[in-house]
Each structure stands twice: as C-alpha cells, then as structure tokens.
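The values are calculated or read from the model by the stated rules, or taken from the named source; none is laboratory data. All of these numbers come straight from a predicted model, not from anything done at the bench. Cβ atoms come from the backbone with ideal geometry, glycine included; neighbour counts cover every protein chain shown.
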Amino acid sequence: MKNYFFYDEQECQFIPVQYGPVERGVYTLSLWILIGAVLSTVSLSLLSFSVGSPAEIALKAENKALYEQLNDTRSSIIYMDQQIAAIANMDNELYRTMLGIDPLSDDERQAGIGGADRYSEFDAYSEHSSDLLRWTASNLESIERRINIQKLSFEEIKAHYNENKELMQNIPAIRPVSGIILSGHGMRRHPVLGYKRMHEGVDFRARIGSNVYATGDGVVKSARRRGTYGLMLVIDHGHGYETRYAHLSGLAEDIRPGVSVERGQVVAYSGNSGVTSGPHLHYEVRNNGESVDPLNYMFADLTPDEYIEYRRIADSNPMSMD
C-alpha cells in the first residue's frame, strides 16, 4: 500500500498519513470492489456487443427457426411445382389432344408478370434471407397463377366434354381387368423368345378365367386366334381408337364381330393362349393405327396414387409377359 502525505502549515513540511489496521482493511476491500465493478461493467458491455442482449439472443433464435422453416417450405414448393407441371403435361397431351383442343403453350401457362421489382421490401434483410424470401414469394405467386390457369383449362375441357360425350364414352378409359399391372408399354425383353422387341401394350396379372371388360363403347372388330397373341379380341371404338385383348381363354356369350359392346361389359376371359410366360392379359390401345401407352388412357379408373404406382411398376420391369 502506497504512503500518502499531507502538508502541515505550522511545521512547514509534509507529514505521512498513518493508517490503522481497520482503515487499511477497509481501503483494500473498497479498492477491490471498485476494480470488480469496473471489470464487470466492461465484461458485460463486451458480451452484449458481441452476443447481444437477452432480447436480441431470443430474436436471433427465432429468426434462425424461421429461416429453417422457409428452407423446408422451399422443398414443398419444388414438389408442388413438379406436380403442377405433370398435370399440365397430362392436360396438353391427353385431355386436349383427345378433344381436339389446342394445347396451351408454356408462356400461356406461366402468365408471367413484368414491371418494377415487386419484392424490393426484402432488401432490408440479410443477403441470404432476402434471396430466400424473394424465391419463395416469386414461386408461390407463380404456382397460384398456374393453378388458376389450370382451373380455366379444365373448365374449357369440361365444356368440350359436354359437347363430345359420345367421344368420351367411346374412348378406352378404364382398366380391362381388376389385377395389377406387371409390365409396361415400350421396349421389353420377351420372356420366351429372349430378345428385346417393342411391347405394344401392357400386361395385367389375371388368373385363367378372370373377367375381361370392354374399356369403352364400341363394336367387336374381330375375335379369333392370332399367332403368338393366342385368342385375341379387337374392339373398334370409333374416332380412330381400337383396343386389343390377347392370350384369352374364351369369349363372353354373344361376343362376335359386329356386336356392339359398352364400357364395363364383360367381353372375354383371361387365359394363357399363345406364347407367354404365364397367365395374364395383354392389353393394347391403338390410335389411328399406332400403339399408344394404355396407362395414359385409364383416367376414369385410376386414382392419382394408383397411377403413380402403376407407372413405377411399368417403367421398372424390363421384361414383358409375352
């Protein structure tokens, strides 16, 4: 402890200040308390500056949670965008094609909005947050516009359908049997012949004798044995459409060329005739003489989930049943 002095005017000299033990103790304690208070204040100031106040810490945690939620929302938006694109593709390539309506172009479906920056208010946030908020807002608006356009498209299709009910009744639009699909349309390896060739239809699981249904109104064109197809039934639906049902074990009563049939009517029974690897039904849809994928024509019979599952099976199996 340093010595302190006071000036004695009578003696004209500096006299050292004398402290007793108690005074020294009080002085030392006071000094440490003062130093501690100063250090605590400095530490809290530095901590508050670098980390933030409790309110700021809570706000940062909330912002982090919101940012993570926006990232999760981004995945959902991407999925919705893909689903809308799939519906639009089906709308153009199937419904509008069948009804003779001009397809909507990508520009018409996007219906973009130009002009000034509509999301400038997000510039007040950090770069990452601003980019994510801009992307989310822009894509949500785009999805909303495309959904509204798709609604208008379906209204147009519905109006054309009401004017063309005969066509829609004739188009093959249901499954020909109740069994699940086994193999799809396209290049497939033949299970007996052993080489790849065009599989012009789809194969359904069906035990011998299972009911086979007409998939649309029409007239029986032929019912006879035909090479590797075995016993095959062909129905002419008009409007350029024709369906074929192969490897049958027999025909329903009164089914012969020239007889009219209705959608859902039992017209034959599945079997194992011809060249196959086992009992099943081979089913084809032809449009103006060309084979088309029958899966795209089961819109009156398959739910979206069933269609996705059928498509997965059809695309993943490299071998046909015939």
Quiz item: Among the residues of segment 227-236, is there at least one that is at negative phi, more than 35 Å from the chain's Cα centre (by Cα) and aromatic (F, W, Y)?
Solution: yes
Practice problem: Output the number of the condition that S222 fails; it satisfies all remaining conditions of (1) crowded, with 18+ Cβ neighbours inside 10 Å; (2) over 23 Å from E93 (Cβ atoms); (3) of a type in the set (G, A, S). | Solution: (1)
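One line per residue, one yes/no per condition, for (1) within 30 Å of G216 (Cβ to Cβ); (2) among the charged types (D, E, K, R); (3) modelled with pLDDT under 75:
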{"site": "L70", "(1), (2), (3)": "no, no, yes"}
{"site": "T73", "(1), (2), (3)": "no, no, no"}
{"site": "Q82", "(1), (2), (3)": "no, no, no"}
{"site": "I87", "(1), (2), (3)": "yes, no, no"}
{"site": "M98", "(1), (2), (3)": "yes, no, yes"}
{"site": "D107", "(1), (2), (3)": "no, yes, no"}
{"site": "G115", "(1), (2), (3)": "no, no, yes"}
{"site": "D131", "(1), (2), (3)": "no, yes, no"}
Quiz item: Taking segment 213-245 only, how many residues are farther than 22 Å from K165 by Cβ and touching a Leu at 6+ places or on another chain (Cβ under 6 Å)?
Solution: 4
Quiz prompt | Which listed residue, of S320, S260, S222, is under 31 Å from the mean Cα position of the chain (by Cα) and among the hydroxyl-bearing types (S, T, Y) | solution = S320
Self-check item: From the options Y310, Y269, residue that is of a type in the set (S, T, Y) and within 30 Å of N92 (Cβ to Cβ)
Solution: Y310
Quiz prompt | Boolean, S270 is over 25 Å from M168 (Cβ atoms), in contact with a Lys or Arg (Cβ under 6 Å, 6 or more places away or on another chain) and not aliphatic (A, V, I, L, M) | solution = no
Quiz item: Which ones in segment 263-308 are of a type in the set (G, A, S) and within 28 Å of the chain's Cα centre (by Cα)?
Solution: A300
Quiz prompt | Test: G186 is at positive phi and surrounded by 13 or more Cβ atoms within 10 Å (Cβ to Cβ) | solution = yes
Practice problem: Being surrounded by 14 or more Cβ atoms within 10 Å (Cβ to Cβ) and polar (S, T, N, Q) is the filter here, so list the residues in segment 285-322 that pass it. | Solution: N287, S291, N296, N317, S320
Practice problem: Residue by residue through segment 146-167, note down the ones that are in contact with a Gly (Cβ under 9 Å, 6 or more places away or on another chain) and surrounded by 15 or more Cβ atoms within 10 Å (Cβ to Cβ). | Solution: H160, N164, L167
Quiz prompt | Filtered residues of segment 272-322 (kept if part of a helix (DSSP H, G or I), closer than 13 Å to V202 by Cβ and among the β-branched types (V, I, T)) | solution = I313
Quiz item: Can you find even one residue in segment 247-255 that is surrounded by 15 or more Cβ atoms within 10 Å (Cβ to Cβ), of a type in the set (S, T, Y), in contact (Cβ under 8 Å) with a residue 40 or more places away in the chain and not in a strand (DSSP E or B)?
Solution: no
